Amino acid sequence: MFAGQVLALVGDNGAGKSTALKMLAGSLRPDAGSIALDGEHVRLAGPRAARALGIETVYQDLALADTLEVVQNVFSGRELTRHGFLRRVEMTKQTESLLEEFRVKIPSVFAQISSLSGGQRQGCAISRAVSGGSRVLLLDEPTAALGVAERRNVLELIKSLRDAGIGILIISHNLPDVFEVADRITVLRRGERVGTVPAGDVDAGDLVAMITGASGNAAAAGNS
């Protein structure tokens with residue numbers, strides 16, 4: 001994965017996509033191999049250690065607090081304070097600026113999360129993840145269960161984050177979405193990497209062949 005690029009991780013159910021993501025997020029420890037960031041091997045003792053290195057994760061359940069406002073969710077766990085009091089005005093301004101920068105459209109930063117649509121919630125969850133200056137963003141099925149318009153908004157958000165120089169890893173079963181945002185695609189099968197290919201060098205048929213293990217030139221190319 002490189003800064004300013006999107007790497008898509010695809011494979012059939014049980015291929016190991018979520019396990020790989022959780023290891024990068026610090027939630028699981030790998031049995032073998034290593035993880036490197038900026039060419040340096042790192043040991044992720046847990047999610048907090050990953051965040052300290054600038055690695056943020058947005059899981060499929062989003063982990064948002066439905067009864068809290070958008071601004072409260074964005075700063076959850078890292079509230080700005082002065083002399084023991086919340087710096088609410090500053091948090092509000094930063095949240096509004098962040099959502100405007102990445103074109104996340106919501107009624108108000110004071111709206112409760114429970115009042116927002118699925119796409120708006122996804123936008124808030126992703127904005128929260130990058131608000132602390134993250135360098136790497138891990139996204140687990142970010143467009144799942146979204147309507148056409150909301151999926152479009154989330155894909156545009158991912159492109160904006162890529163253009164801002166953030167390295168993004170996305171897990172998705174939706175191949176059209178993968179081809180729209182990914183620069184490179186890694187295919188997993190039965191816990192092993194089949195190959196990594198530039199998104200422009202393959203089509204959906206090639207990926208399906210690599211995912212299923214079908215013989216042919218596409219599968220062979222994936223091993224290169």
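Read the figures in this text as sums done on the coordinates, not as results from a lab. Values in this document were obtained by computation on a predicted structure and should not be read as measured data. Backbone-built Cβ (ideal geometry, glycine too); neighbour counts: all protein chains shown.
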Can you work out the Karplus-derived ³J(HN,Hα) for every residue in the stretch 90-106? Use 6.51 cos²θ - 1.76 cosθ + 1.60 with θ = phi - 60°, whole Hz, and x for glycine or proline.
5, 5, 5, 4, 5, 5, 4, 5, 5, 5, 5, 4, 9, 6, 8, 9, 9
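Cβ under 15 Å from GLN122's Cβ, GLN122 left aside: what net charge do those residues give with Lys, Arg +1 and Asp, Glu -1? All intermediate terms of the calculation are to be shown ahead of the outcome.
Details: positive: ARG103, LYS105, ARG121, ARG128, ARG151, ARG152, LYS159; negative: GLU56, ASP61, ASP66, ASP140, GLU141, GLU150, GLU156, ASP177.
Taking every Cβ under 15 Å from that of GLN122, the sum is -1.
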For LEU37, other-chain or 5+-apart residues with amide H closer than 5 Å (H placed, Pro excluded) are VAL42
With a cap of 11 neighbouring Cβ atoms within 10 Å, and only residues DSSP puts in a loop, list the chymotrypsin sites (Phe, Trp or Tyr not before Pro) found in the stretch 1-93.
PHE2
Tell me which residues come under 5 Å, amide H to amide H, from LEU116 once H is placed; ignore anything under 5 positions away on its chain.
none
Most mobile listed residue (VAL136, VAL42, VAL187) in the chain, GNM with C-alpha springs under 10 Å
VAL42
Using each residue's phi in the stretch 132-141, evaluate 6.51 cos²θ - 1.76 cosθ + 1.60 at θ = phi - 60° and report the 3J(HN,Hα) Karplus result to the nearest Hz, with x for Gly and Pro.
x, x, 5, 9, 10, 10, 9, 10, 9, 6
Please enumerate, by chain and number, the aspartates and glutamates with C-alpha under 16 Å from the C-alpha of LYS105, excluding those fewer than 8 residues away in the same chain.
GLU69, GLU96, GLU150, GLU156
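Given the DSSP H assignment, sum -39500 (n - 2.57) over each helix run of at least 4 residues in the chain and divide by its residue total; what's the result at 222 nm in deg cm²/dmol, nearest 500?
Numbers: 9 runs with 84 residues, N = 224.
That comes out to -10500 deg cm²/dmol.
Where Lys and Arg each count +1 and Asp and Glu each count -1, what net charge lies around LEU37 among other residues with Cβ under 11 Å from its Cβ?
Details: positive: ARG43, ARG135; negative: ASP38, GLU40.
Net of charged neighbours comes to 0.
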Here the FRET efficiency for PHE2 versus LEU86, based on Cβ atoms and R0 = 45 Å and rounded to 0.05, is 0.75
Any residue on another chain or 5+ positions along whose placed amide H is under 5 Å from the amide H of ILE170 is listed here as LEU7, ALA8, LEU9, LEU139
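Looking at the stretch 6-222, what % of its DSSP beta bridges pair antiparallel, to the nearest 5? Walk me through the intermediate numbers first.
Details: 12 of 29 bridges.
Here the antiparallel bridges make up roughly 40 percent for the stretch 6-222.
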